[in-house]
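See below for the structure under consideration.
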Amino acid sequence: MALVAIIDDRLNERRRLSKRISRDIKAQGINWDIDHFDPLPQKEDYNKWIVQNKVVILIVDEKLKEGNVGGIHANYDGHDLVKEVRKTNKELPIVVISSYVDDEDELESMKGDFDDIISRSDFIKSDESTKQYVNRFIRYTQNYLENFEKEYLKLAELSELVALDEANENQINELKALQAKLELPLSSFVITDRKKWLEELESKSKKLEELSKKLETLLGK
């Protein structure tokens, strides 16, 4: 199931955000999980963690070095986390909710890497204020999932063209780029046996079809 993940080193603060966000997402009948977490031990851990946990939007506090996590303090802040994630994941919705949005030069210089930078006091000012922000989150995330589904469908289309020996050079390059982006490398480019090519394509197509059905479920189709 799709996960809305909140990263904050202060348990009470992230629990409070989680309850508010969960209330408004569930009120719209959207079946996403909402959970909150301590900062991971290293910022380099996030990309793999995001994939493994099916994170579809990441909500991050800026100050992550204040709390004690497992006997240690995080050695990075929210903007450091986002820089690391953006090295490989350019499209995942990421929002910063922080008490320090007006005081941080790093946040200002990285505005293009976030989908939103929100003052914590504004977010929790009222139930209506929270609801309006959560509506934004839902819109970001639904667009992200829809684009993700389109890319998988395009991958299947291009794979079929290559398998039938009907793809031009631009289409082959597009396929390679999608494979790398979606982390679904196919060995087919080095397979000269057409039968093996088609067998592998059939196997991959089945997986893509299963994934497409899961995405439709996440989107509420």
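The values are calculated or read from the model by the stated rules, or taken from the named source; none is laboratory data. On a predicted model such as this, the values are computed, not experimentally measured, just so you know. Virtual Cβ from ideal backbone geometry, glycine too; neighbours counted across all protein chains shown. Protein only, heavy atoms only, side chains kept; ligands, DNA and RNA dropped before computing areas. Shrake-Rupley method; radii C 1.70, N 1.55, O 1.52, S 1.80 Å.
The helices (runs of 4 or more DSSP H) found entirely in segment 1-101 that carry 2 or more residues being open to solvent by 80 Å² or more (accessible area, probe 1.4 Å) are 11-27, 46-52.
Condition check: surrounded by 18 or more Cβ atoms within 10 Å (Cβ to Cβ), of a type in the set (D, E) and at pLDDT 70 or above. Does D115 satisfy that? Yes, satisfied. Would you confirm, using the coordinates I've provided, whether I124 is open to solvent by 20 Å² or more (accessible area, probe 1.4 Å), out of contact with any His (no Cβ under 9 Å at 6 or more places or on another chain), without any contact (Cβ under 8 Å) to a residue 60 or more places away in the chain and among the β-branched types (V, I, T)? So I124 does not fit the description; no. The lone criterion from (1) more than 19 Å from the chain's Cα centre (by Cα); (2) modelled with pLDDT of 75 or more; (3) open to solvent by 70 Å² or more (accessible area, probe 1.4 Å) left unmet by Q171 is number (3).
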